[in-house]
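K.L.:
Here it is: the structure, laid out below.
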Amino acid sequence: MNYHKTSKLLPLIGLIGILIILISCVNKNQSVEQVEIPKDWKTLENANYSIQYPDSFELNTLGEMGLSFILLSKQTSPSDLFRENINLIIQDLTNQNINLDKFVKISEGQITTMFKNATINENKRIIKEDSEFHVMSFSGIQGQFNLKFVQYYWIVDQKAYVLTFTCEQTQYDHYKEIGDKIMNSFKVK
C-alpha cells in the first residue's frame, strides 16, 4: 500500500474510532442477552410477575417488611451472619405522576442518604425483549455489613417494581453469576 494514501486514512480511521466511543458513551440504553435458565429451577408465578430460582435458595413470601418475596442463599457456616438475597418490593404510584426517569432520580437520592459510604457503580437503562427497565448497582455500609446491591426498576401500570440483589462485598464475585441469572429471569406481566 502507498504510504501517502495510508497516512491520509489514519486520521479518518482515528476520527471514526473516536465517534464510535463517543456514541457508545452517550447511549445509555443497552440490550441484555437472553440468559438460559436451567430446567430444574423453580418458578414463582404471580398475577403481576414471575421469577425463576435454584433449589439452593430459600423462598419466603410472607410479605415481611413490605417485600413481595425474598430468596435467601443458604448459610455457609455458623459464622456466616449475612445471607445473600434477592427480593422484590412493589410500590403503588397511583396519582403520583412518577415515570421511570423520576423514580431513578428519587432512588439515587435515597441510596446516598440511606447507606454509609454509598457509591453508585452502575446506572443504566436496559431494553430486554418487550420491556424497558433501569439497572442501578451500588455499594455501601449498612449496620455491620459492607454490602453490594444490584437493583432493577420497572414502572408498569402505575406500580414500581424494585428487584434487589444484595451481597456482602466479599461474596459478590461468588454469587454474581447465579444472582444475574435469577434477576434476569424476572418478568413483569
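K.L.:
How would K128, K148, K116 line up from fewest to most surrounding beta-carbon atoms within 10 angstrom?
P.N.:
K116, K128, K148
K.L.:
Continuing with the same structure: Of all the C-alpha pairs in segment 30-188, what % are more than 25 Å from each other?
P.N.:
29 percent
K.L.:
Say R0 is 25 Å: what FRET efficiency, to the nearest 0.05, do T61 and E177 get from their beta-carbon distance?
P.N.:
0.50
K.L.:
Beta carbons within 10 angstrom, averaged per residue: use that to sort the peptides 120-127, 152-159, highest first.
P.N.:
Highest-to-lowest ranking by the protection proxy: 152-159, 120-127.
K.L.:
May I pose another question? Which pairs, out of K39/K124; K74/K105; K42/K116; K39/K189; K42/K124; K74/K124, put more than 27 Å between their alpha-carbon atoms?
P.N.:
Violating the 27 Å limit, Cα to Cα: K39/K124; K74/K105; K42/K116; K42/K124; K74/K124.
K.L.:
Here is a further query. Among I178, I111, A47, whose Cα projects farthest towards the positive end of the dipole of segment 30-188, with charges put on the beta-carbon of Lys, Arg (+1) and Asp, Glu (-1)?
P.N.:
I111
Every read-out reported here was derived from the displayed coordinates using simple, explicitly stated rules and does not represent laboratory data. None of the values given here were measured: they were computed from a predicted structure. As a convention, Cβ positions derive from the backbone with ideal geometry for all residues, glycine included, and neighbour counts pool all protein chains shown.
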